[in-house]
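Worksheet: one structure, shown below.
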Amino acid sequence: MKISLGIKLKDGPWGGGNQFGKVLADFLVRQGHSVSFDLSDPALDIVMLLEPDRRLATSAYDHSDVLRYILFRNPNALVIHRINNTSEARDDPDKVFNKFRINANLCADHTVFVSDWCRKRYEACGFNRECVNVILNGGNKDLWYPSTAPRRPGPLRIVTHHWSDNPKKGHDIYARLDALLSQPEWASRCECIYIGNVPKGTKFNSIKLLPPISGMALADRLRDNDIYLTASINESNGNHHIEGALCGLPLLYRLSGGIPDYCRGFGIGFTEDDFELRLDQILTEFLCIKQRMPDYPNTSESMCHSYLSLMQRMVFEREAIKARRPWKRKPFWLVRTLYHV
């Protein structure tokens, strides 16, 4: 198959969407498929719309570009729209972010959400397409794997990492943990490292702050710890907790957004009301949870096979899919999308 992924890949640490694009492209090429990142090939089988907002740095093309390609160059191309973020993760009470993507989604033949929570947020905002499924993100087991070294004695080491400096990555909880670690009763039991970017003006007194890193350097740093903490608010998926889990670290995760879909069964969930209680619980139950971590299922291999299976099924059903395209029955949407009016 000839497949276009609608993303401008970036080098270095650049967030989960960028990592997803690299992993899927590499997998598809290894499976013998042709992968591009634009719409220049006139004979594409699959077009994957990953970011329809052209103002964003990773967007390679939008829904107008996709529609124009299908109408005027290649009506046989099939479109998958992957949705991995929501208004709820932003200061967007009017749901402008969601509504924009629901409108863009009319060009798609199939929609993939990255968590069931994400799907439900869009359905609550009016999304009602039939050809939909959820494919969870996954991490590369060749990069993210547990340490074979014995655990170093001393307090349990907690780690988290974020590329974004958005406060909704959980900085209310990280500030609380920083304050707890100034108390001897907590400092004797655990310590914490934060890798990545923080909101402007953030200062930690007890948490050790390290600059963003990626690849093997990041994986080695994660493996040198014991527990992975994520306090993100309303995040649809994320890769950070997956990477921590595959490195063998039990998860202390906020019961918010789609992250529980990824973490359930492999750690302890908390809310802002019971963080200290759940922190104490995971410190106490660490060894028991640690024994379950080799069974963590969310790998990139599994994720990529799910996308490839979807693409192959769509190509097999190409003519039926083309016949039911919704935009054929929406002339006003068609004109507005083509001419940006």
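Give the residues of region 265-292 that are among the acidic types (Asp, Glu) and either closer than 15 Å to residue 248 by Cα or not assigned by TED's automatic domain parsing to the domain that holds residue 191 (or both), sorted by residue number. Across region 265-292, the qualifying residue is only 285.
Being crowded, with 23+ Cβ neighbours inside 10 Å, modelled with pLDDT under 95 and within 23 Å of residue 122 (Cα to Cα) is not true of residue 6. Test residue 58 against the stated conditions and say whether it is within 17 Å of the chain's Cα centre (by Cα) and more than 24 Å from residue 128 (Cα to Cα). So residue 58 passes the test. Within region 195-211, the residues that satisfy the criterion of being surrounded by fewer than 17 Cβ atoms within 10 Å (Cβ to Cβ) and out of contact with any helix residue (DSSP H, G or I) (no Cβ under 8 Å at 6 or more places or on another chain) are 200, 201, 203, 208, 209, 211.
Summed over region 196-221, residues that are in contact with a strand residue (DSSP E or B) (Cβ under 6 Å, 6 or more places away or on another chain) and either at negative phi or assigned by TED's automatic domain parsing to the domain that holds residue 10 (or both) total 5. Of all positions in region 139-146, none carries a residue that is buried (at least 19 other Cβ atoms within 10 Å of the Cβ), out of contact with any Lys or Arg (no Cβ under 6 Å at 6 or more places or on another chain), among the charged types (D, E, K, R) and in a loop (DSSP other than H, G, I, E, B). One residue alone among 326, 331 is more than 28 Å from residue 213 (Cβ to Cβ), at pLDDT below 95, of a type outside the set (D, E, K, R) and surrounded by 14 or more Cβ atoms within 10 Å (Cβ to Cβ), and that residue is 326. Is it the case that some residue within region 175-183 is in a helix (DSSP H, G or I) and touching a strand residue (DSSP E or B) at 6+ places or on another chain (Cβ under 8 Å)? Looking for residues that are in a helix (DSSP H, G or I) and touching a strand residue (DSSP E or B) at 6+ places or on another chain (Cβ under 8 Å), one finds at least one in region 175-183, hence yes. Taking region 221-278 as the range and being charged (D, E, K, R) and in a strand (DSSP E or B) as the test, only 254 passes. Consider region 247-278 and keep the residues that are under 16 Å from residue 294 (Cβ atoms) and more than 15 Å from the chain's Cα centre (by Cα). The one that is surrounded by the fewest Cβ atoms within 10 Å (Cβ to Cβ) is 265. The set of residues in region 87-132 that are in a loop (DSSP other than H, G, I, E, B) and among the hydrophobic types (A, V, I, L, M, F, W, C) comprises 108, 114, 125, 127, 131.
Among the residues of region 44-68, those identified as part of a loop (DSSP other than H, G, I, E, B) and under 24 Å from residue 321 (Cα atoms) are 44, 45, 50, 51, 52, 61, 62.
The values are calculated or read from the model by the stated rules, or taken from the named source; none is laboratory data. Computed from a predicted structure; not experimentally measured. Backbone-built Cβ (ideal geometry, glycine too); neighbour counts: all protein chains shown.
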